[in-house]
1. Using the C-alpha gyration tensor of the range 32-132, what are the square roots of 5 times its eigenvalues, in whole angstrom, with the largest one first?
2. Can you tell me the mean projection area, over all orientations, of the convex hull of the range 188-289's alpha carbons? Units nm², please.
3. Dipole magnitude of the chain about its Cα centre, charges +1 at Lys/Arg Cβ and -1 at Asp/Glu Cβ only, in debye to the nearest 20?
4. Straight-line reach from residue 175: which aspartates and glutamates have a Cα under 12 Å away, not including same-chain ones fewer than 8 places off?
5. For the chain, what is the calculated [θ] at 222 nm in deg cm²/dmol (nearest 500), taking -39500 (n - 2.57) for each run of four or more DSSP H residues and dividing by its residue count?
6. Tilt of helix 236-250 relative to the longest C-alpha principal axis of the chain, in degrees (0 to 90, nearest 10)?
7. Non-local amide H neighbours of residue 112 (under 5 Å, H modeled in plane, Pro and chain starts lacking H): which ones?
8. Averaging over every viewing direction, what projected area does the convex hull of the Cα atoms of the chain cover, in nm²?
Amino acid sequence: MVDKVGVIGAGQMGNGIAHICAVAGMDVVLSDVSMEHAKAGLGVIREFLSRTVGKGRMSSEEMDAALSRITLADNLKALHACDLVIEAATENEQIKTQIFKELCPHLKSSALLASNTSSISITRLAASTDRPEKFMGVHFMNPVPVMKLVELIPGIATAKDTFEHFKDFTESLDKTTAVSEDFPAFIVNRILMPMINEGIYTLYEGVGSVEAIDSAMRLGANHPMGPLQLADFIGLDTCLSIMQVLYDGLADSKYRPCPLLVKYVEAGWLGRKTGRGFYDYRGEGEPVPTR
């Protein structure tokens with residue numbers, strides 16, 4: 001049974017994971033590189049829960065109880081008493097492995113460990129820890145409080161009881177699980193990211209404008225968001241990282257990241273989080289295409 005959960009990274013994925021764990025009645029330690037970042041993550045959780053209360057889906061007392069279960073930290077030592085820790089840092093393998101090397105000496109021997117990576121080898125990440133048999137991938141979808149799916153990805157060394165513990169844990173959060181083998185980008189992003197990348201190629205090659213491409217997929221394929229709008233929502237840096245993992249890991253030219261995606265990331269136009277991507281979000285009205 002999991003009573004106390006540690007979450008490393010208070011960004012959009014980390015604060016979402018902390019949110020649902022706290023609502024499910026678990027104590028949560030939400031850690032980031034600075035207390036300022038951790039507090040910003042808690043602010044996002046508070047805002048989301050306030051909207052939930054406003055819609056009548058939760059009482060203000062339940063909101064206060066959930067928030068009271070979250071403790072903030074700016075160091076990994078604070079996770080020493082956690083039963084289970086989920087890393088939700090940026091999609092960069094070097095950063096993740098460094099976190100695990102610093103974290104493991106502080107964990108109790110029974111603690112389970114997971115990465116929320118959306119593409120990186122679980123087996124390789126596990127090998128950077130002192131407990132590969134207690135490690136696996138637990139990939140939540142964004143936004144975490146809304147999306148029902150969690151991908152479970154065992155590494156080659158993951159013990160069977162570790163998998164069962166994580167399956168029980170995710171189901172206790174009212175999520176549906178899909179089990180993926182440990183191949184680059186797993187299931188969802190193996191299918192989704194090449195579609196987004198192809199949407200960017202369609203723009204790059206002048207087949208259609210930003211608005212035409214997104215409208216075509218929304219109205220022609222009944223997608224809730226067009227591929228370029230979705231790329232901005234995910235973060236173009238994350239999209240590029242996943243495409244690079246696919247391209248490097250599978251050695252197939254169909255996964256080559258579009259040069260236009262690379263150019264946008266080099267410009268720092270990463271989507272909603274930076275105010276500009278395939279759309280410009282800095283105005284007060286509707287976002288305007290940047291190309």
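Bear in mind these aren't lab numbers, they're just calculated from the coordinates by the rules spelled out. Remember, it's a predicted structure, so these values are computed and weren't measured experimentally. Cβ sites come from the backbone with ideal geometry, for glycine too, and all protein chains shown count toward neighbours.
1. Values: eigenvalues 176, 45, 35 Å².
Semi-axes from the Cα gyration tensor: 30, 15, 13 Å.
2. Values: hull surface 25.4 nm².
The Cα convex hull of the range 188-289, projected and averaged over all directions, gives 6.4 nm².
3. On the way: 28 positive and 36 negative charges, 25 e Å.
Result for the chain is approximately 120 debye, rounded to the nearest 20.
4. The reachable aspartates and glutamates, counting only those whose Cα sits under 12 Å from residue 175, are 151.
5. Values: 11 runs with 130 residues, N = 291.
Helices in the chain give a 222 nm mean residue ellipticity of -14000 deg cm²/dmol.
6. Helix 236-250 sits at roughly 90 degrees to that axis.
7. Answer set, sorted by chain and number: 84, 85.
8. Values: hull surface 61.4 nm².
It is 15.3 nm².
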